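K.L.:
Have a look at this one before I ask anything.
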There are 2 protein chains.
Amino acid sequence: LLGVGTVGAAVARRLLAGGEPLARRVGRPLLLRHVLVRDPARRRSFQIPSSILRTDVGVILNDDETSIVVELIGGVDDARRLTFDAVRAGKDVVTANKALLAVHGREIFAAARSAGRCVTFEGAVAGGIPLIEAIRRGLAANRIDAVYGILNGTCNYILTRMIDNGASYAHALGEAQRLGYAEADPTTDVSGLDAAHKLAILASLAMGRCCDLDRIAVKGISDIDLIDLTAAAELGLVCKLLAIARRHGGDISLAVEPRFIPRSHPLAAVSGPFNAVSVYGDLIGHCLFYGPGAGGDATASAVLADILDVASGNAAKTFAAEGVLWDQTPAATYAPAGEDASPHYIRVGLVDRPGGIAQIATILGNAGISIASIIQHESPYQQASDPVPVVVTTHPARQRDVRAAVTRFGELKEVLGAPVCIPVLEKLGPGGGK
Amino acid sequence: LLGVGTVGAAVARRLLAGGEPLARRVGRPLLLRHVLVRDPARRRSFQIPSSILRTDVGVILNDDETSIVVELIGGVDDARRLTFDAVRAGKDVVTANKALLAVHGREIFAAARSAGRCVTFEGAVAGGIPLIEAIRRGLAANRIDAVYGILNGTCNYILTRMIDNGASYAHALGEAQRLGYAEADPTTDVSGLDAAHKLAILASLAMGRCCDLDRIAVKGISDIDLIDLTAAAELGLVCKLLAIARRHGGDISLAVEPRFIPRSHPLAAVSGPFNAVSVYGDLIGHCLFYGPGAGGDATASAVLADILDVASGNAAKTFAAEGVLWDQTPAATYAPAGEDASPHYIRVGLVDRPGGIAQIATILGNAGISIASIIQHESPYQQASDPVPVVVTTHPARQRDVRAAVTRFGELKEVLGAPVCIPVLEKLGPGGGK
């Protein structure tokens, strides 16, 4: 076991205290022989026997009795080096490191394969939810057309608190930090990058194409304004940061972005730090997986499942045979951005003067975008000089057409401030009318 | 392949037309060599080459080139005999037959084990949702404390239509029959028996104890009255037929019954013919699996996943090693019925005369049951002689205490008709304050 942070400590605790039911599953004992730490003297919430604490990874990699290395140190560079060293030393590797696999997955899988070892990573996406397994095995007979969901618990917690408590983004973020749901530097989470790492893994697996992290259009939640969450709530819409991968014929589109979703969609009920992922397969249709997306014990549940799968020999067979990991699949080709049609939520601030709404309606009409509703949101605290927020929802329209129209709103003298434009999720099958 | 009903036809279609991506998953071709039918001349929506149609199962079982038998004939007696014959003939068996495994699972698994074969059954519970796999593998490191959910799409469709459209039970059932969601004789579904079959399988697996179908307290939906669905909607509650297995220390409780659940619970959003199952594990906490619970293609997705799992050799390893199937686990012991505490929804019809509500409140108070709300539901169409429906919700109270109190309501001269009493689901960990 390399690293004993929150997840590592939970894995060690179960292996040391509750190993017997685990051993029974695979018909052989599971022994935790080595735990790599930086500082053996450091006090930990969970006390690991000093006899198995190591500071030199060489001791671990040279031990022929050790067959599985569990990489939980996080980060990319050290983890990459240790993973390479482990497979070359003849160990199978279990990891929960999404950044590592999103960036270096292809070379890591190839190195493991040429060493005759396997790498498993159930804990890298959606915490404890057995989603990777579902896509690789339970849904293996399907052509998967879309996979999308809530992959970052920090963002979902913040958005949930804003919606439920009318909190500002800054306030909700502060609360998430106090509760341990957000880190002191929340950038990786709120920028959408963490969700993008997970999407790169998930999409590569689901689509059978190696998806490039850099080809994901990433937008975070830090610009989300409470006014839009409130206005959308009146329309029966809830805001979620969604990671979306979709098949368009032979091409794939990838995005991480805030979306409104109808309250009746199963993803709308996913609140707080939970994760959930919808999968559309050509046989199964729509299915969804929900659970804790982070946390020591929940992620340990996934890591331990991988350990059992490796110990039983099943992981090696799957790794060798299935041919869906991205060292064995072609690079993805990408659909042009913005081709998808969705309903949209648009908010513009209008000067309180006749004709503004007509101008907006004209621009949308000329672009062939059909309006579903217009609501003028006057506030009792409105000053005469304040812009009047006007919320427009559209019928399904091509995203790039809507964005182009909204850009034109910004040029109107009746419009104050930057318009807001957020697509609304409908249930997704294969993309773009193909 | 034994049987080409809806599911069998979908399995055959994919094996015959799209076998190459499947073969790639396991590194060997998958050939559909025999299809057992009653009448080879019958016209089918999906045409199977006559060269592989068989009417004599002996031809199939004696073919050494056939290694997997897929049992999709349904029913219990013939399916049992064919399954026994298949494992004794050295075939692995894939089945989606929940009644078969709920009733004869123990002897079937034992027979397969002594023949050195395996039996898989992903399609037997929750249609296409890869739930069996999740419990056996993805959540294998957890002690599972509760598993409950919506396991019968017919009942869920009927309840959804009653709630959303204000339809009566009889009307919604008729509609379900017209759409093919309910059979001409809907008894197995609406009585809760179908959900009980699935619960026996799911609970045996999740709890690691052989659970007896006869020990499930089963109540169906045919008594559900629209008035209660409407009244509960005002309280933010939705009615679902739930199958519930819960661990109470070393004991287990099993029930299939209508329950109200809060609109905020993820199961509340499961509408129409969909299934969803919540699982509570000691590591993962709460997770949930959602998807189509029936249908040819969706169930074929599960059956084909099993076929791949058997063909890859993984299923045999899991079957041999894990020790959780109920030929290898002890018989369950059962918690006394009604020990669980839940909030309750109660409706009584009162004569329109002072004192009725006081009598009810007194009975509840004397039983130590705390009232959360009382709503008197007067209707504009109420006749003076009609009973006034009064809806009481309680704080969490032991189910048998509440039932005893409600029985006493029936003895009051102020009460007309039989009172209705439906427990409200809260999120479930391990049972009963243990």
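K.L.:
Could you work out the mean count of beta carbons from other protein chains within 10 Å of each residue's beta carbon in B:270-282? Please report the intermediate quantities before stating the final value.
P.N.:
Values: counts 3, 2, 0, 0, 5, 1, 4, 0, 2, 1, 0, 5, 4.
Counting Cβ atoms of other protein chains within 10 Å of each residue's Cβ and averaging gives 2.
K.L.:
Here's another thing I want to ask about it. Excluding ligands and nucleic acids, what accessible area in Å² is computed for A:Asp352 using a 1.4 Å probe, to the nearest 10?
P.N.:
For A:Asp352, solvent-accessible area is about 110 Å².
K.L.:
Between the label point of A:Pro262 and that of the same position in each other copy, find the distances and list them shortest first in nm, with every label point placed 7 Å from Cα along the Cα-to-C-beta direction.
P.N.:
Copy-to-copy label distances at A:Pro262, shortest first: 2.6 nm.
K.L.:
Hey, in the GNM for chain B with a 10 angstrom Cα cutoff, which one of B:Asp92, B:Asp212, B:Asp39 fluctuates hardest?
P.N.:
Fluctuation is largest for B:Asp39.
K.L.:
Continuing with this model, one more query. Loop-only GluC sites (Glu not before Pro) in segment A:46-134, please: DSSP not H, G, I, E or B, and at most 11 other Cβ atoms within 10 Å.
P.N.:
A:Glu65
K.L.:
Okay, moving on. Heavy atoms of the protein only, probe of 1.4 Å, neighbouring chains included. What is the accessible area of A:Tyr290 in Å², nearest 10?
P.N.:
About 10 Å², ignoring ligands and nucleic acids.
K.L.:
Still on this structure: Given a 1.4 Å probe and no ligands, DNA or RNA in the count, how much accessible surface is buried by A and B, both sides, to the nearest 100 Å²?
P.N.:
Protein heavy atoms only, the A-B interface buries about 4000 Å².
K.L.:
Can you pull the Kirkwood radius for segment B:200-268, inverse mean 1/r over Cα pairs, to one decimal in Å?
P.N.:
In segment B:200-268 this quantity evaluates to 13.5 Å.
K.L.:
Give the calculated FRET efficiency between B:Ile357 and B:Thr187 to the nearest 0.05, with a Förster radius of 35 Å applied to their Cβ-Cβ distance.
P.N.:
After rounding to 0.05, the efficiency reads 0.35.
K.L.:
Report the relative contact order of segment B:16-82, percent, no decimals, based on alpha-carbon pairs under 8 angstrom and at least 6 residues apart.
P.N.:
23 percent
K.L.:
Can you list, shortest first in nanometers, how far A:Leu16 lies from the same residue in the other copies, with each label 7 Å from Cα toward Cβ?
P.N.:
The projected label point of A:Leu16 is separated from its counterparts by 6.0 nm.
K.L.:
To continue, here is another question. Could you report chain B's accessible area per residue, 1.4 Å probe, as an integer in Å²? Could the numbers behind the result be given before it?
P.N.:
Details: 16870 Å² over 434 residues.
On a per-residue basis, 39 Å².
K.L.:
Residues in segment B:200-221, backbone N under 12 Å from the label point at B:Ala331 (7 Å along the Cα-to-beta-carbon vector): list them, ranges by number please.
P.N.:
Once the point is set 7 Å along Cα→Cβ of B:Ala331, B:210-215 turn out to lie under 12 Å by backbone N, inside segment B:200-221.
K.L.:
Every other copy gets compared here: list the nm distances from the B:Pro336 label point (7 Å along Cα to Cβ) to its counterparts, shortest first, one decimal.
P.N.:
The answer, with the shortest distance listed first, is 7.2 nm.
K.L.:
Sort B:Phe46, B:Phe289 by accessible area with a 1.4 Å probe, largest first.
P.N.:
On the way: B:Phe46 40, B:Phe289 0 Å².
Order by accessible area, largest first: B:Phe46, B:Phe289.
K.L.:
How well do other chains shield peptide B:297-306, expressed as the mean number of their Cβ atoms within 10 Å of each residue Cβ?
P.N.:
The per-residue average across the peptide is 6.
K.L.:
Would you tell me the accessible area of A:His377, worked out with a 1.4 angstrom probe on the heavy atoms of the protein chains, in Å² to the nearest 10?
P.N.:
That residue has around 40 Å² of solvent-accessible surface.
K.L.:
What does a probe at A:Asp386 reach in segment A:357-375, counting residues whose amide N is under 18 Å from the point 7 Å along Cα→Cβ?
P.N.:
Residues A:375 qualify, since their backbone N sits under 18 Å from the label point.
K.L.:
How large, in percent, is the carbon and sulfur part of the accessible surface of the protein assembly as shown at a probe radius of 1.4 Å?
P.N.:
Numbers: 16810 of 33700 Å².
Taking all protein chains in place, the protein assembly as shown shows 50 percent carbon and sulfur surface.
K.L.:
What is the mean number of Cβ atoms from other protein chains located within 10 Å of the Cβ atom of each residue in peptide B:262-268, rounded to a whole number?
P.N.:
Numbers: counts 0, 2, 3, 1, 10, 2, 2.
If you average over the peptide's residues, the count of other-chain Cβ atoms is 3.
The values are calculated or read from the model by the stated rules, or taken from the named source; none is laboratory data. It should be emphasised that the depicted structure is a prediction, and the values quoted were computed from it without experimental measurement. Every residue, glycine as well, gets a Cβ built from its backbone with ideal geometry; the counts of neighbours run over all protein chains shown. Calculation scope for accessible area: heavy atoms of the full protein, side chains included, ligands and nucleic acids excluded. Shrake-Rupley method; radii C 1.70, N 1.55, O 1.52, S 1.80 Å.
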